[in-house]
Structures are given as structure tokens and as C-alpha cells.
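Contents: one structure, followed by commentary.
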Amino acid sequence: MKRALVLSGGGSKGAFEAGAIANLVNKKKLDFQLITGTSVGALNAAFLGQARNFKELQELVKELTATWLGIKGNRCIYRSGLLGNLWRILRHGALYSPSGLWDLIRRKIDPARLFHPRTVVKVTVVSFETGKLLCADSRQPAFHQDYLTYVLASASMPFFFPAVPIAGQHWYDGGLRDLTPLATAIKEDPDEIIAITTFPLSPNLEATMPPGRPGNALQAILRTVEILLSEIAVNDLQLAQAINKAWWRYPGKKPIPIQIIAPAKPLPGHALSFDPDQIRANLKAGYEAAEKPRCLAMNRYPAPATPPPPTFKKHISE
């Protein structure tokens, strides 16, 4: 079976994904041949994509959990400070420097293992110059030299982190265009897709947002980003459901079973809060949520061998 894992963005809430993955791989013994990710989902995807067999995948899942638990605060991921922040905004157009994140990527991800054909990894980024979405595919040699840099770029949220220069362009977080990269997975025609999102969902696939309170400018920006990203994620899921319901219109195609793992309630903290207690809580919430995944609705009617032709009423004039 060709099974795909789709990982959404969400910053520090990516710990929820790690908890869910631990359940899927080490408890349910599910294997994955394709992993797509955006933002923090790209980081988790590239980490797991180093697996050359199922045993290695299980070991990497345990290491991924340990890596998340090893984060002791924001300074493990990015640098902040009033004077430094002002200088970075003026010099680089960003509030923080993701130096800790870049160090983590280079220490934890080995390109030699990542490019092994056993597991396909696809991460998304957006070009500042053109606004176009790019999917960096681990099978394509053209991406190999800068692949880890694309992973960093996929997690570079505008304003908070600087754009990442690669091949003459500057790249930002893929979540600007595709927060839950389901379409990328569907194109690979897998037998099954499991998507993990860091936002709670209503029965109608609508984002469930926690109540917000007015605060300072930074809090307002973080709240705005959270609202926008949740809407993008929901649009991705609704589109995937619509595609599955319409597969009968295309000869030779069939719906792809899609399971969604989402938090039962809003996860604590905001996307840039790497508080150890919140990370542990989100890991636990992800593990528990994976016990009861939700299935996207599909067209249950038998697909006709040939789609019915359109009918026309003949107009007769006297």
C-alpha cells in the first residue's frame, strides 16, 4: 500500500503532529512512502523522510519526539530582544533571527539519507518575487543542493523571520498559499492519505478558533496570522473533499480515503511560543487525537462506467 502523510503548518504546535505520528507509527504500525509538509510540517516531514526502512522510521519518530521535548524555550528556535529586533527589522525586514532553527535543521537532517528513494518528501515554499508556490521534491536532483535551505524557507513566516535566498529568489513559508498540502499528495495517487492539522475543525470542516483578546501590536499580528492560516487550511481540506466527491466524473479515477487528525480543542499558546509545558501538552494531545481520526466524506454512489451525456430539449416552433 502506498500511504501518504500530510503535515500542516502551525509553528510550535507542530508538537501536536509529532505526538500523532508517534501513535500512527509506533502504536498502529503504519508506514508512509510519501510525506508532504508546509512550515513546521516541512520540518517534521524532512526529519521523518530520512527513513530507509520501517524500523528506521520508528526510530526517527522516537527521536522526533525527543527533539521536541529538548526545546527549552524560544531561544532554542529564534533570537529576540528589543534592540536586536529593531535592528533586524530595519536590516532584514524581520523581527527575529531563526538561528536556532537553522542549527537544528543542519544537525538533525542528513541529506544523504533524505534523498534515499524509499521515502519521498515534498515541502512547499512561496516566492517573494512572484508569489508562486513551489514544491521542493526530494526525488529531483535540482533541489538537492539547497534542500535543507528550502526546509528552512518553508518555516519562514513573513515579518517574523526573513525571506530565505535560494537560486536568485527569496522564499517564504509555504503556508501563505498551501497550509495543508493535500493537493500535492493527491497528485501522487496514493492508496490512502492521513492529514494532520494543528487547528480544530467543526463537523462542516470549518476552523474552530479560540476567543481572542485585544492586546499589543505583536499579539494582534499573531492573532491575524492564526486566523488567516486556519482559513487556508480549511480551504485545502474542503477542496480535497470536493475532489473526492467528484472523482466519478473522471474515467479510471477513484476516491482516495483521507483521514484527518485534528485537535479536539484549540491548542495552548501561539505559533511562536515554544514553552516546554505547552510542547508536552501538545505532544500528548496529538497522540490522543490519533486514536480517533476523522474521514473525509466521499461519494458513496457507484461510479458509472461512462458519465451520462448531457440532455437537451428540442425546441419546436409552430
Exercise. Just checking, which of Leu152, Leu179 is closer than 25 Å to Leu57 by Cβ and open to solvent by less than 10 Å² (accessible area, probe 1.4 Å)?
Worked result: Leu179
Exercise. If we scan region 40-55, do we find a residue that is in a helix (DSSP H, G or I) and farther than 30 Å from Pro158 by Cα?
Worked result: yes
Problem set entry | Residue satisfying all of: in region 278-318; under 24 Å from Leu24 (Cβ atoms) and open to solvent by 100 Å² or more (accessible area, probe 1.4 Å); modelled with the lowest pLDDT among these | Lys292
Exercise. For region 129-197, which strands (runs of 3 or more DSSP E) that fit wholly inside it have 2 or more residues that are free of Cβ contacts under 8 Å to residues at least 60 places away in the same chain?
Worked result: 133-137, 164-166, 169-173
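The values are calculated or read from the model by the stated rules, or taken from the named source; none is laboratory data. Just so it is clear, the structure is predicted and the values come from calculations on it, not from any experiment. No Cβ is skipped: glycine too gets one built from the backbone with ideal geometry, and neighbour counts run over all protein chains shown. Remember, those area values only see protein heavy atoms, side chains included, never the ligands or the DNA or RNA. Shrake-Rupley method; radii C 1.70, N 1.55, O 1.52, S 1.80 Å.
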